[in-house]
Each structure stands twice: as structure tokens, then as C-alpha cells.
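Visitor: Below is one structure. I have some questions about it.
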Amino acid sequence: MRRIALACLFVVVLGCHKSESSKGDPTAVVQVKTAVVAMEPFAETISAIGTVSARSGHIASLSAPAPARIAAVYVSQGEKVRAGTSLVAFEQAPFRAAAITAEAGLVAAQRNYERARRLADAGIVPRKDADQAATELAQANAAAMIARRAAQLAVLRAPISGIVTKLNAPIGASVDVNQPLVEVADLSALDIIFNVSPSDAARIAPGASVTLSAGENAKGEPLGVGHIVDVGGAVDSATRSVAVRALAPPTARPLRIGETIFGQIATAVHPRAITIPVAALVPEGEGFKVFVVTAGNIARERKVSVGRRSETTAEITSGLSPGEVVVTEGAYGVEDSVKVVQAK
């Protein structure tokens, strides 16, 4: 047993010796991918996740004008409608009865006022009686107007042309004025609302470009480059964020209300920045290093200082010069002074 243990120990020591001796061995060959260090304009960006929303003034949410029961539904969710299209109808009898009652009350109030005014002018009754009758007439007139308007709204009609984006109107259901029944939105007037921190909002200016992608990261479907149209002036008390409104480019595919969009908002541009792919950066302590491919395809380790970064590109403030070649894919498996070849 002692001989076996000594033999195993010898094998382990020999293996470690071979591993140490192969580290940095220029005869070892590692397949990697490389990139040329470039000098190019580099945009500082702020990444944010936004939601597609209808622009103010281009969306309408409709409810019953008074407590009522739904009698008919003429549209379905997702249907295109024109302004004036009938959407939902309520039972008509209660609205007609209310309108008739209000009109009768208005006629009676008008007669009472005229009588009180004549008697007051003749000095038979106090002037305050005529004033009281005038007040009652005004109230009756307002009630009649409300009843007439409610009767008109007994059939909800689309106030704008667009798409029925929400519909919650079961036939026969009782509804009240606080219950939204149908929503119509103009899908040609949509904005993307991003929520950013107050410090980031201070760096964003109206007119700034924003690169858009579908989903929650830059790897989603490209949607083109839009621009910022408004930066909110208040912090939301619930999310502690600032709303930033962006307009999508007209060439983008049709967007949908509620869709999630990832945006990279440009805040500044460095016209002559030294850049490399982010994949070339290898963490080391609190900083980064890269592997520079030198003569003879030998990878040499070099510390670098990193400035701003995007999803794919990093700005190098010191440590590299334009035209040098760095290892990108495979950098984590490279040791200093190892020979590298371009991977197929």
C-alpha cells in the first residue's frame, strides 16, 4: 500500500510539473478569433427597457354614461373601426324614460319661473321667489341636457379611427360609469416609453437617437433608430424613475401596444475613440487585460484601461493602439506567450 501511495504521488507531481512547464509554451497552439483595434466614433449610450404606448390624444377609453345593462356588442377586440362606428349599445328604455322625465321637469320649471317673474314684477310675491324659480329652471335645464346626452351615449361610438385594443362588454351585464368597457387606439401614433434613473435622465436630451430592438436586450429583432421626443420633468413616486418618450422610425415594422422594446439611447459621441469588441476583455482583479497577437502569432498579455462600453464594443483609454490585433473569442483560454491560430 505504501508503494502504491508513493507511485500515485509521483504521478501527481509529474503531472503538475508538466502543466507548469507547458504554461506559456510558445510551441502550444490555440485556435482563437481576432479583431483589429480600431479608431472610430464611439457613442456613449444608456440602455433601457420600454413599453409601446398610444400617444396622448390618440386613444379613447369608453364607459357607460349611467348605470345600464349591455344590450348589444357590434365589434370584437383587434377590429379596425372608423370614427363614428357603433361599438356597444345599452338597453334604451331607461335612457328614454330619463330623457322624457327630464324634459317634463324642464317644461314645468320654465312655467313656474315665468309665473314667479310676473308676480314679482307686479309686486305680489317677493323677488326672492322669482330668483328661486330661476335657480330651479337652471337646474332643470342642466338635468335635461345630461339626460339628452346620456340618451345619445346609449350607443357608444368610436370617437377616433383605430383599433379596438380592449373590450370588456358581456351582453346582458350590468355596468356603471366607472367601468371601462371598450378602448380604441390609433396605431399610427404610438410612442415608446422608457423608464430611466434621474441621473441618466439628466444625460438625455430631446432629439437624441435611440437604437431599438424587440424584447429586453440588444439581441432582439432590430427595429431601426428612433429619436427621443420628450424627457419627463418629474420622478414617478412608485418606481423612482423618469419617463422618457421616444418615437420609432417610420421604417420599423408595425408595433403593438404593450410590446416590450429595448433601447440604447445615445448621450454623447467620441469622434476618435480606440475600440475593440467586448469579447476581447478578460477580467483581472479590478481591471481588464487583453491578449495582443504579435509577430509569429504569439499572444501577449497586456493590461488596458476601459472607458465606456456598449453591448458589443468597448472604448480603450490606454494600453492599445489602432491597428493592433487582439484575441476575441477564445481569450479566456489563452495564456501569455502562447501561439494562436485563426479558428475556422
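Visitor: For residues in the range 231-243 being hydrophobic (A, V, I, L, M, F, W, C) and over 11 Å from the mean Cα position of the chain (by Cα), which is least open to solvent (accessible area, probe 1.4 Å)?
Guide: 242
Visitor: Name, by its number, the condition in (1) surrounded by fewer than 16 Cβ atoms within 10 Å (Cβ to Cβ); (2) closer than 24 Å to residue 183 by Cβ that does not hold for residue 135.
Guide: (2)
Visitor: Listed residues 294, 275; which is in contact with a strand residue (DSSP E or B) (Cβ under 6 Å, 6 or more places away or on another chain) and open to solvent by 40 Å² or more (accessible area, probe 1.4 Å)?
Guide: Working: 275 fails: open to solvent by 40 Å² or more (accessible area, probe 1.4 Å).
Exactly one of 294, 275 is in contact with a strand residue (DSSP E or B) (Cβ under 6 Å, 6 or more places away or on another chain) and open to solvent by 40 Å² or more (accessible area, probe 1.4 Å), namely 294.
Visitor: Go over the candidates 241, 199, 237 one by one and state the one that is under 12 Å from residue 48 (Cα atoms) and out of contact with any Ser or Thr (no Cβ under 6 Å at 6 or more places or on another chain).
Guide: None of the others qualify; the one that does is 241.
Visitor: Looking at 138, 89, 93 in this structure, which one is under 47 Å from the mean Cα position of the chain (by Cα) and at pLDDT 90 or above?
Guide: Sole residue among the options that is under 47 Å from the mean Cα position of the chain (by Cα) and at pLDDT 90 or above: 89.
Visitor: A further question on this structure: Pairs, please: C-beta under 7 Å, at least 6 apart or cross-chain, first residue touching a residue at least 60 places away in the same chain (Cβ under 8 Å) and in the range 201-218, second of a type in the set (S, T, N, Q) and open to solvent by 30 Å² or more (accessible area, probe 1.4 Å)?
Guide: Between residues of the range 201-218 that are touching a residue at least 60 places away in the same chain (Cβ under 8 Å) and residues that are of a type in the set (S, T, N, Q) and open to solvent by 30 Å² or more (accessible area, probe 1.4 Å), the close pairs are 203/267; 204/267; 211/264; 216/260; 218/264.
Visitor: Looking at residue 283, is it free of Cβ contacts under 8 Å to residues at least 12 places away in the same chain and farther than 28 Å from residue 342 by Cα?
Guide: Against the criterion (free of Cβ contacts under 8 Å to residues at least 12 places away in the same chain and farther than 28 Å from residue 342 by Cα), residue 283 does not qualify.
Visitor: Does the range 148-188 hold any residues that are part of a strand (DSSP E or B), open to solvent by less than 60 Å² (accessible area, probe 1.4 Å) and of a type in the set (D, E, K, R), and which are they? Don't jump to the end; show me each part of the working.
Guide: Initial filter on the range 148-188 (part of a strand (DSSP E or B)): 155-157, 162-167, 174-175, 180-185.
In the following step, the residues that additionally are open to solvent by less than 60 Å² (accessible area, probe 1.4 Å) were identified as 155-156, 162-165, 167, 175, 181-185.
183 - this is the single residue of the range 148-188 that is part of a strand (DSSP E or B), open to solvent by less than 60 Å² (accessible area, probe 1.4 Å) and of a type in the set (D, E, K, R).
Visitor: Turning to a different aspect of this structure: Could you please let me know if residue 119 is open to solvent by less than 70 Å² (accessible area, probe 1.4 Å) and either modelled with pLDDT of 90 or more or within 30 Å of residue 324 (Cα to Cα) (or both)? Walk me through it before giving the result.
Guide: Numbers: open to solvent by less than 70 Å² (accessible area, probe 1.4 Å): yes; either modelled with pLDDT of 90 or more or within 30 Å of residue 324 (Cα to Cα) (or both): no.
Judged against the criteria, residue 119 is not a match.
Visitor: Mind listing just one residue for me: the one in the range 244-272 that is of a type in the set (Val, Ile, Thr) and surrounded by fewer than 19 Cβ atoms within 10 Å (Cβ to Cβ) and, of those, farthest from residue 50 (Cα to Cα)? Lay out the reasoning, then the answer.
Guide: Taking the range 244-272 first, the residues of a type in the set (Val, Ile, Thr) are 244, 251, 257, 260-261, 265, 267, 269.
In the following step, the residues that additionally are surrounded by fewer than 19 Cβ atoms within 10 Å (Cβ to Cβ) were identified as 251, 257, 260, 267, 269.
Details: 251: 19, 257: 11, 260: 6, 267: 17, 269: 23 Å.
So, considering only residues that are of a type in the set (Val, Ile, Thr) and surrounded by fewer than 19 Cβ atoms within 10 Å (Cβ to Cβ), the one farthest from residue 50 (Cα to Cα) is 269.
Visitor: Within the range 189-222, count every residue that is open to solvent by 30 Å² or more (accessible area, probe 1.4 Å), of a type in the set (A, V, I, L, M, F, W, C) and in a strand (DSSP E or B).
Guide: The qualifying residues number 1.
Visitor: Go through the range 314-344 and report how many residues are touching a helix residue (DSSP H, G or I) at 6+ places or on another chain (Cβ under 7 Å) and either within 14 Å of residue 298 (Cβ to Cβ) or open to solvent by 20 Å² or more (accessible area, probe 1.4 Å) (or both).
Guide: 3
Visitor: Consider only pairs whose beta carbons are under 7 Å apart and that are at least six residues apart or on different chains; among these, list those whose first residue lies in the range 240-262 and is hydroxyl-bearing (Ser, Thr, Tyr) and whose second residue is crowded, with 16+ Cβ neighbours inside 10 Å.
Guide: Taking only residues 6 or more apart or on different chains, the pairs are 241/195; 241/196.
The values are calculated or read from the model by the stated rules, or taken from the named source; none is laboratory data. In this text, all values refer to a predicted model and were calculated from it rather than measured experimentally. For neighbour counting, all protein chains shown are included, and Cβ atoms are generated from backbone atoms with ideal geometry for every residue, glycine included. SASA here: full protein model, heavy atoms, side chains in, ligands and nucleic acids out. Shrake-Rupley method; radii C 1.70, N 1.55, O 1.52, S 1.80 Å.
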